[in-house]
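Visitor: I'd like to ask some things about the structure below.
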Amino acid sequence: SETVFIQTSNLNVVSLRHNKLDETMIAPMAWFNHSNLESIDLSHNKFYLVPSFLPKSLVHLVLVGNRIERIPGFVFAHMDPGLEYLYLSFNKLDGEGVEPESFFGVYHSMTEMCLDHNQLIHVPVGISEMTNLHFLRLDNNQIRSISDESICDPNHSGEATLVGVRIENNYIDAQKVSPMAFSCVRSASSVVLKPQKTK
């Protein structure tokens with residue numbers, strides 16, 4: 001219910017791991033107006049999508065080991081200063097579950113994103129627009145190729161921000177990946193591209 005968190009205005013961290021929660025069990029406005037809530041861990045529950053009405057102040061969101069198939073468009077758009085850490089490992093995201101607007105609102109704030117162990121068939125749109133991203137995990141998916149623009153913006157001339165990229169255990173032919181695909185990574189040794197699954 002929306003009243004559960006009423007007397008918790010100073011709450012900074014919420015951990016509701018290993019329950020049987022899904023998106024219908026959290027009232028839409030339960031913590032939307034909490035100005036101090038920076039970290040929510042909803043790992044190992046039964047969520048099918050990233051919940052809406054997350055707190056504006058949220059910096060750290062953990063949804064590991066759910067059944068998430070979709071990141072709704074604009075779900076992070078209201079956050080200020082913006083989400084920095086997003087952990088969506090071990091879910092069911094596929095090629096249709098990430099919309100062009102899914103990451104709207106985090107392009108300048110996101111520093112660490114884990115989308116490993118899902119069912120993604122391509123690098124999600126919007127990652128190359130994340131100007132402050134330091135660490136990216138896309139390993140153990142079903143990605144078949146990496147274009148020059150999918151991870152790094154080829155027009156970005158500033159300092160390389162990515163410190164680590166893991167994209168192994170997909171279906172990528174490493175010999176067909178252009179060096180430009182990782183132009184925003186500080187060191188080539190920071191990219192884990194092998195091994196890959198066989199087709």
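What follows draws every value from the coordinates through simple rules; no lab data is involved. Here the structure is a predicted model, which means the values were calculated and not measured. Don't worry about glycine lacking a Cβ; one is built from the backbone with ideal geometry, like all the others, and counts go over all protein chains shown.
Visitor: Determine ³J(HN,Hα), in whole Hz, for all residues of segment 29-40 in sequence, where each value follows from phi through the Karplus function 6.51 cos²θ - 1.76 cosθ + 1.60 and θ = phi - 60°; x replaces Gly and Pro.
Guide: 9, 3, 9, 4, 9, 6, 7, 10, 6, 10, 9, 10
Visitor: Straight-line reach from residue 194: which aspartates and glutamates have Cα under 16 Å away, leaving out those fewer than 8 places along the same chain?
Guide: Cα-Cα hits under 16 Å: 116, 139, 168, 173.
Visitor: Roughly how compact is segment 40-101, stated as its Cα Rg over 2.2 N^0.38 Å to two decimals? Display every interim value, and only then the final one.
Guide: Details: Rg = 11.0 Å, N = 62, 2.2 N^0.38 = 10.6 Å.
Relative to the 2.2 N^0.38 Å estimate, segment 40-101 comes out at 1.04.
Visitor: How about the chain: what cysteines have no other cysteine beta carbon under 4.7 Å from their own?
Guide: Here 114 come out as lacking a disulfide-compatible partner, given the Cβ-Cβ threshold of under 4.7 Å.
Visitor: Less than 29 Å apart at the alpha-carbon level, and either on another chain or at least 8 residues along: which lysines does that give for residue 20?
Guide: Straight-line reach from residue 20, under 29 Å: 46, 56, 92.
Visitor: Given just the C-alpha atoms of the chain, how large is their convex hull per residue in cubic angstrom?
Guide: In the chain, the Cα hull volume divided by residue count equals 110 Å³.
Visitor: Taking the beta-carbon count within 10 Å as an exposure proxy, list 115, 138 from fewest neighbours to most.
Guide: Listed from fewest to most nearby Cβ atoms, that is 115, 138.
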